[in-house]
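Report on the following structure.
The values are calculated or read from the model by the stated rules, or taken from the named source; none is laboratory data. Computed from a prediction, not measured in an experiment: that's the story for all the values here. All Cβ positions, glycine included, derive from the backbone under ideal geometry; neighbour counts span all protein chains shown. In case anyone asks, the SASA skips ligands and DNA or RNA and just uses the protein heavy atoms, side chains included. Shrake-Rupley method; radii C 1.70, N 1.55, O 1.52, S 1.80 Å.
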Amino acid sequence: METATLAQAWTLPLPRDRSLELGGRPRVMGILNLTPDSFSDGGLWLEPERAVERGLRMLAEGAELIDLGAESTRPGGGVYGEGAREVPAGEEAGRLLPVLEALRAATDAPISVDTRKGEVARQALAAGADLINDVSALADPGLGRAVAEAGCPLVLMHSRGDLATMQREIRFEDLLGEVRAELRAAMDRAVACGCREPQLVLDPGIGFGKTWRQNLELIRRLDGLASLGRPLLLGASRKSFIARASSKPDAPPERRLGGSLAAVAWAALQGAALVRVHDVAETAQFLDLWHAIAKSGEAG
Ligand code: HH2
């Protein structure tokens, strides 16, 4: 392969007259789960002070933005058994807001909030969040309306069915075509809620209602979603398909960095604008080098 596809340039509007510039080298979104039960970092950052430190450390290590999650969305019916418990909005906001407020006071870097609930999104935006990451792609139209009012970016992630059972009922005839059509439908839902297309970021939803082979195919063919005309985000970090597709299927989440970087390499090659990862320092260095190599032909 002679050249890589460097990501197209995009400018996403952020609250308070700021913007998030995307393009060239994919940006690193560092994962910070304030949950007891996330599959990889669950229980590690329950103490708000430690969570804030972790967020600031990820920024120092090269994350361009932080994704705060206060409800695990671990799918059920597959390798994770029952999947995550749904958390009431009050409990989710109670975990989220102290950390969000303290991080907001400490940094101007973009902060994303991973939530499916309009009520939580609204409170998060009022507390200084810059971007909403919705793995349900607007199951709650109230979330779309909150984003429309704030004028901030919204990540629409592809998934199918209920979180509790989605790994049990997987059926695709044309994987890429169906994911693309369902993301297009999600964009239309967002516009119906008052959002504008320039606010939207799209994500194929690795591990959400897909088999491990389908995850591989979606990563390999990610650029097939570029025709939707929006920046793409890939979240493959430490997910179970990495172990399943490797010669060490029992590798626990913290031993999946090599495979996570392979997914980042494929995302970068196909012009992904953002990658959502746990291992920030390693991914940032990987992408710096990936980009330097891709650009080295131009230096003369
Ligand atoms: N994956 C997870 C959560 N949020 N958001 C986007 N946009 N894309 C993803 O692939 C994605 C996501 C699941 O991973 P994690 O947050 O590490 O675990 P958990 O859901 O168990 O908290």
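Worth a mention:
- Per residue Cα convex hull volume in Å³ - calculated over the range 125-253: 117
- Three-way shape label, the range 56-131, alpha-carbon gyration tensor, a/c 1.5: oblate
- Checked against a 26 Å cut-off, the cross-linked pairs Lys248/Lys295; Lys239/Lys295; Lys117/Lys210 give Cα-Cα distances beyond that limit for Lys248/Lys295; Lys239/Lys295.
- Taking amide H atoms as placed 1.01 Å from N in the peptide plane, the amide H of Cys193 has no partner under 5 Å among residues 5 or more positions away or on other chains.
- Label-to-label distance, nm, for residues given as Glu47 and Asp162 (7 Å Cα→Cβ offset): 3.8
- Between Asp114 and Leu68, Gly69, Ala70, Asn133, the built amide H atoms are under 5 Å apart, and every one of these is 5 or more places off in sequence or on another chain.
- Stokes-Einstein diffusion coefficient of the chain, Kirkwood radius over Cα pairs, 37 °C, 0.692 mPa s, in µm²/s: 172
- Here the accessible area is traced with a 1.4 Å probe on the protein chains. For the range 184-300, carbon and sulfur cover 53 percent of it.
- Looking at the range 211-300, the trypsin sites (Lys or Arg not before Pro) that sit in a DSSP loop and have at most 16 other Cβ atoms within 10 Å of their own Cβ are Arg221.
- The range 234-256 and the range 84-134: distance between their alpha carbon centers, rounded to Å: 28
- At most 15 other Cβ within 10 Å, DSSP loop - trypsin sites (Lys or Arg not before Pro), the range 151-187: Arg168, Arg171
- Å² of accessible area per residue within the chain, as computed with a 1.4 Å probe and no ligands counted: 42
- Share antiparallel - DSSP beta bridges, the chain, percent rounded to 5: 20
- Cut-off of 10 Å, at most 16 other beta carbons, DSSP loop: longest stretch of the chain lacking such GluC sites (Glu not before Pro): 174-300
- Sparse-neighbourhood loop sites, trypsin sites (Lys or Arg not before Pro) in the range 25-133 - DSSP loop, at most 16 other Cβ within 10 angstrom: Arg85
- Scattering curve values for the range 218-300, log₁₀ I(q)/I(0), Debye with Cα scatterers, q = 0.13, 0.17, 0.20, 0.26 Å⁻¹: -0.44, -0.72, -0.93, -1.24
- Dipole magnitude of the chain about its Cα centre (Cβ charges: Lys, Arg +1; Asp, Glu -1), debye to nearest 20: 500
- Dipole in debye (nearest 20) - the range 126-269, about Cα centre, beta carbon charges: Lys, Arg +1; Asp, Glu -1: 520
- Size of charge dipole - the range 244-300 - debye, nearest 20, with Cβ of Lys, Arg +1 and Asp, Glu -1, no other charges: 220
- Using the Stokes-Einstein relation with a Kirkwood hydrodynamic radius computed over Cα pairs, the translational diffusion coefficient of the range 189-231 at 37 °C and a viscosity of 0.692 mPa s comes to 277 µm²/s.
- Counting every pair of alpha carbons in the range 1-127, the share spaced more than 23 Å apart comes to 38 percent.
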